[in-house]
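Each remark here refers to the structure printed beneath this line.
The values are calculated or read from the model by the stated rules, or taken from the named source; none is laboratory data. Bear in mind that the values here come from a model prediction, so they are computed numbers and not experimental data. Cβ: placed from backbone, ideal geometry, glycine included. Neighbour counts: every protein chain shown. For the accessible areas, the whole protein counts, side chains as well, though only heavy atoms, and no ligand, DNA or RNA atoms are used. Shrake-Rupley method; radii C 1.70, N 1.55, O 1.52, S 1.80 Å.
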Amino acid sequence: MDVRKISRVSAREESRSVLNAAINRFVESANTGKPAQTQSQQKPDFILATKFDGAKPGYYFSTASKGVGYYLDPKAPLTDASQSKEDSKGDVVEFKEKKQGVDPEILLKQAEEQAKSFETLDSKAVRRLVLAFERKYKDNLEQRMKYSDQPERFMDSEVDLDQCVQDFLQLVNNPDLYPALVEANAIPHLLNLLTHENVDIAMDVVDLFQALTDTEDNEEWAAEFKVLVSTMLENNALELLIQRLGQLNETGEEEAGAIFNILTIIENMIDVSPEVSRLVVERKLLRWMLLRLRPREFDSIKQYVAELLAVLMQGGEYNLRMMGEMGGIDSILEGIAQFKSRDPQTDDESEFLSNQFDALCSCLLLPENRAKFVESEGMELMLLILKQKTVARYGSIKVLEFATTQCPLACDRFVDVLGLKTLFSLFMARSRLSEKKDREKDQQAEEMLVTIIANLFQEIMKGSRRDRVAAKFVENEFEKCDRLMEIYFSYNARLGAEEARLAEMEDDLLQEDEIMVARLNSGLSVLQQVCLIVAHLWSIGDLALNQRLLMLLHQKGHTLSQPRAILAEMIDMIGGEGLEREQQQKRLHQLLLGLGGREIDAKNEDLEPEPLDPPSATGNTETSAAGVKRKDSGRKENEANQSSASANQQPASRDAKGEVERSRERRGKRGGAGGSTEKDKEQKEREREKRRDREHRRERYSEKDAHHHRDKRRREREDGKKR
């Protein structure tokens with residue numbers, strides 16, 4: 001006998017059905033002009049009631065298939081014909097008067113009043129439900145033990161037990177009664193039914209807990225849900241649910257629905273108590289979920305497993321570590337690889353792919369998981385996706401940002417697998433993420449690409465890999481530098497506008513944390529990454545590259561002081577504790593000094609050239625470069641004069657200092673916009689030609705060098721394969 005085929009109607013459905021029936025009767029009567037009721041045709045077949053409230057004409061009280069309540073009696077005697085006629089005439093007159101204008105609000109109010117008596121439930125009613133359930137539970141146990149070989153003898157008791165389980169669905173609309181349900185000690189008995197031999201009863205219990213733990217639209221009852229979930233955990237709810245999960249067969253539609261409901265219960269419990277996520281991983285549900293992700297066939301359960309996995313990966317370091325140890329990164333990469341060359345066909349597949357990327361990014365927060373990601377050839381898969389014009393490109397950029405953060409191994413592998421070409425193609429906005437113009441997504445991708453480039457400079461300390469990254473900013477007439485400074489000026493303008501807005505607001509209305517959050521949302525973090533890249537490029541010491549950066553800054557009236565200020569603030573914002581934080585601060589401080597930071601400025605205030613007029617870009621570049629050389633030579637001359645004066649112990653030091661000052665004045669006059677002679681112009685032109693020749697030779701040699709190294713590595717790989 002199939003218990004689930006018995007008609008089951010929850011409290012919510014019963015109330016809705018009574019309400020709809022009442023509205024339909026009023027509307028039909030008002031439109032037709034006929035009486036609202038007749039003896040047997042207009043009365044409902046069943047009226048839900050938790051207790052016997054006295055006799056009702058035409059009904060009998062019973063606990064039949066529809067639950068506890070009043071059932072329509074087909075054998076009830078008819079009323080007197082004349083009396084019914086008079087009542088009918090009166091009703092017809094009354095409804096004819098109201099036929100012209102029926103107010104829906106009045107009808108709804110009348111229907112609600114009619115249904116109100118069926119919805120009342122209190123703690124006493126809960127105790128009665130629990131007592132009735134316990135009696136049926138004990139009867140079923142006794143019948144099963146007594147007639148273990150005769151199922152037909154205890155089947156009736158299981159039908160009654162299943163009906164009692166369904167009666168608890170009345171509590172779904174009354175979360176305030178959850179403490180009463182817990183006090184009545186009903187939760188342990190209900191959870192024990194998860195191990196019942198009758199699968200239908202176990203699945204009904206799963207349906208019940210799925211409805212009871214649903215917190216949607218019930219945020220005000222957080223304390224009551226907390227009591228319910230805590231009691232479930234105390235009575236081993238997770239172990240029992242996972243045990244039943246392993247016994248269900250997905251091929252059946254009903255059992256597949258039970259699997260979905262069990263996963264929903266676990267997610268609801270995590271929403272109520274986030275610490276449940278660690279308990280779920282400890283109970284070995286994670287292994288079952290990873291196995292469920294491996295099949296290539298897509299279904300709703302696989303989608304829900306990916307969603308729940310993304311939730312579990314936000315549960316702390318323990319969950320992330322267990323994910324890496326159980327081979328979870330390989331499972332996620334296999335799931336993502338299905339979309340490397342095709343787009344998701346449905347919204348469910350798109351959500352599945354997004355959840356996979358979110359779970360993978362959470363895993364990469366742990367350093368050991370980043371190493372396992374590289375070992376599993378995750379970098380190669382992400383680059384392969386980037387080369388394809390699919391929806392997954394955005395997620396792959398996000399993964400690369402997480403993977404290259406504080407991971408030299410990942411950065412080295414990225415350069416070795418020739419990822420720079422693909423990276424800088426996206427950086428130059430030559431290849432869009434999708435055909436649809438999504439401004440917000442393109443902006444987020446731009447920010448992540450800047451972070452990836454900054455990570456490469458930060459983690460690749462020296463060697464040919466670092467030179468290959470820096471060479472990208474020199475090729476094609478410094479086009480990457482132009483793009484980098486374009487991003488710098490864009491985010492600098494946004495941040496300046498936000499700071500101006502904050503300055504106009506009253507200080508009492510803003511706290512320091514709120515100001516920092518507003519600045520970060522306006523692009524402060526991206527601006528810091530751009531300035532970090534500028535500092536690394538400056539530290540290379542390439543004269544042409546530095547001239548280009550200075551020219552681009554001077555065109556907008558900026559100097560190196562702005563990037564220095566942003567880097568100084570970035571040093572103060574570095575989080576963490578211990579040696580790692582000190583090392584990061586030390587490295588950034590060295591970059592700051594390379595840009596002419598505070599310590600250098602204190603010793604040589606005239607290190608940086610003054611900002612020049614923006615109209616003539618070429619003249620400004622050459623003048624600024626010459627100014628740097630002249631000031632460097634002046635500084636060396638000054639130091640030489642001071643050392644010679646101190647060695648000889650003679651008063652000629654004052655004359656040497658005066659000579660240095662006079663030479664500076666002469667150089668300042670020659671370097672002015674209108675004081676250059678023809679001879680000086682010719683000399684500058686010759687110097688420019690020499691520099692261009694040197695740059696071309698350097699680029700040609702570096703390109704030849706790169707080809708030589710690639711050929712050498714290829715030959716080594718071929719020799720290794722032959723051996």
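Of all residues in segment 328-339, those that are under 10 Å from residue 381 (Cβ atoms) have Cβ atoms under 8 Å from Cβ atoms of residues that are hydroxyl-bearing (Ser, Thr, Tyr) and outside any helix (DSSP H, G or I), 6 or more apart or on another chain, in 333/376. Candidates 483, 466, 494: the one that is without any contact (Cβ under 8 Å) to a residue 40 or more places away in the chain and touching a Phe, Trp or Tyr at 6+ places or on another chain (Cβ under 9 Å) is 466.
When residue 433 is tested against (1) among the hydrophobic types (A, V, I, L, M, F, W, C); (2) at pLDDT 90 or above; (3) within 24 Å of the chain's Cα centre (by Cα), only condition (2) is not met. Going through (1) in contact with a helix residue (DSSP H, G or I) (Cβ under 9 Å, 6 or more places away or on another chain); (2) at negative phi one by one, residue 389 falls short only on (1). Among the residues of segment 225-255, those identified as touching a residue at least 12 places away in the same chain (Cβ under 8 Å) and more than 18 Å from residue 196 (Cα to Cα) are 225, 226, 227, 228, 229, 230, 231, 233, 250.
Among the conditions (1) out of contact with any Lys or Arg (no Cβ under 9 Å at 6 or more places or on another chain); (2) farther than 25 Å from residue 124 by Cβ, residue 224 misses just one, which is (2). Elements of the type helices (runs of 4 or more DSSP H) sitting completely within segment 503-588 and holding at least 3 residues that are touching a residue at least 60 places away in the same chain (Cβ under 8 Å), open to solvent by less than 60 Å² (accessible area, probe 1.4 Å) and not acidic (Asp, Glu): these cover 524-540, 543-555. Selection over segment 468-489 of residues that are part of a helix (DSSP H, G or I), on the phi < 0 side of the Ramachandran plot and of a type outside the set (A, V, I, L, M) gives a count of 10. Considering each residue of segment 387-406 in turn, none proves to be open to solvent by 10 Å² or more (accessible area, probe 1.4 Å), among the aliphatic types (A, V, I, L, M) and touching a Lys or Arg at 6+ places or on another chain (Cβ under 9 Å).
Listed here are the helices (runs of 4 or more DSSP H) enclosed by segment 268-342 that have at least 2 residues being among the basic types (Lys, Arg): 285-293. You will find that of 384, 360, the residue that is part of a helix (DSSP H, G or I) and open to solvent by less than 10 Å² (accessible area, probe 1.4 Å) is 360 and no other.
Residues checked against (1) among the charged types (D, E, K, R); (2) at pLDDT below 90:
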position	(1), (2)
107	no, yes
115	no, yes
127	yes, no
130	no, no
187	no, no
204	yes, no
208	no, no
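Residues that are without any contact (Cβ under 8 Å) to a residue 24 or more places away in the chain, open to solvent by less than 70 Å² (accessible area, probe 1.4 Å) and in a helix (DSSP H, G or I): does segment 205-221 have at least one? So far as segment 205-221 goes, no, none of its residues is without any contact (Cβ under 8 Å) to a residue 24 or more places away in the chain, open to solvent by less than 70 Å² (accessible area, probe 1.4 Å) and in a helix (DSSP H, G or I).
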